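One structure is given here, and the rest of the page talks about it.
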Amino acid sequence: GKADRLTNKISECQRELIKIQRKCGHQKKEIKFINLNEGVRWVCKDCKALIGWPTKLELENWSK
């Protein structure tokens, strides 16, 4: 039904996003709050991949 088609499309989009993120060089990054579980992370501006944890100093500068 409709829910199955939508679920399949979501899965297809997730696979496509993973391919894009694997090919990306992550040249431009920014610090972003993800959610309460993930906290604050470095995120690629181009592919939106989570690429690392900011240092304490980077967090202090970001919060200002």
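The values are calculated or read from the model by the stated rules, or taken from the named source; none is laboratory data. What you see is a predicted model, and the numbers here were worked out from it, not measured in a lab. Counting neighbours? That spans all protein chains shown, and the Cβs are built from the backbone with ideal geometry, glycine included. Each accessible area value is taken on the protein alone, full model and side chains, heavy atoms only, with ligands, DNA and RNA left out. Shrake-Rupley method; radii C 1.70, N 1.55, O 1.52, S 1.80 Å.
Let's test the formula: R0 of 22 Å, r as the Cβ-Cβ distance of Glu38 and Lys9. What FRET efficiency results, to the nearest 0.05? Working shown, then result.
Details: r = 25 Å, r/R0 = 1.14.
Approximately 0.30, to the nearest 0.05.
With contacts defined as alpha carbon pairs under 8 Å and 6 or more residues apart, what's the relative contact order of the chain in percent?
Numbers: 57 pairs, mean separation 14.2, N = 64.
Contact order relative to length: 22 percent.
For the chain, the 222 nm mean residue ellipticity estimated from helices alone, with every DSSP H stretch of n ≥ 4 adding -39500 (n - 2.57) and the total spread over all residues, rounds to -15500 deg cm²/dmol.
Less than 11 Å Cβ to Cβ from Gly52, Lys/Arg counted +1 and Asp/Glu -1: what total charge do the surrounding residues give? Don't skip to the answer; put the middle values down first.
Values: positive: Lys29, Arg41; negative: Glu58.
Around Gly52, the surrounding residues sum to +1.
Under 5 Å between amide hydrogens, built in the peptide plane, is the criterion, and for Ile51 it picks out Trp42, Val43, Cys44 among residues at least 5 positions away or on other chains.
At a 1.4 Å probe radius, carbon and sulfur cover how many percent of the accessible area of the chain?
Values: 2940 of 5530 Å².
About 53 percent, which is the carbon plus sulfur part of the accessible surface.
When Trp42, Trp62, Trp53 are compared by accessible area of protein heavy atoms, the largest-first order is Trp53, Trp62, Trp42, using a 1.4 Å probe. Using the 1.4 Å probe convention, the accessible area of the chain works out to 86 Å² per residue with neighbouring protein chains retained. Across the stretch 56-61, rounded Karplus estimates of 3J(HN,Hα) from the backbone phi angles (6.51 cos²θ - 1.76 cosθ + 1.60, θ = phi - 60°) give 4, 5, 4, 5, 4, 5 Hz, Gly and Pro being marked x.
Loop-resident GluC sites (Glu not before Pro) (DSSP state other than H, G, I, E or B) in the chain with no more than 13 further Cβ atoms inside 10 Å of their Cβ: Glu38. Computed from the C-beta positions of Leu57 and Arg22 and an R0 of 30 Å, the FRET efficiency is 0.50 to the nearest 0.05.
When mean projected area of the Cα convex hull in nm² is computed from the coordinates, the matching label among [x] 5.0; [y] 5.7; [z] 3.6 is [y].
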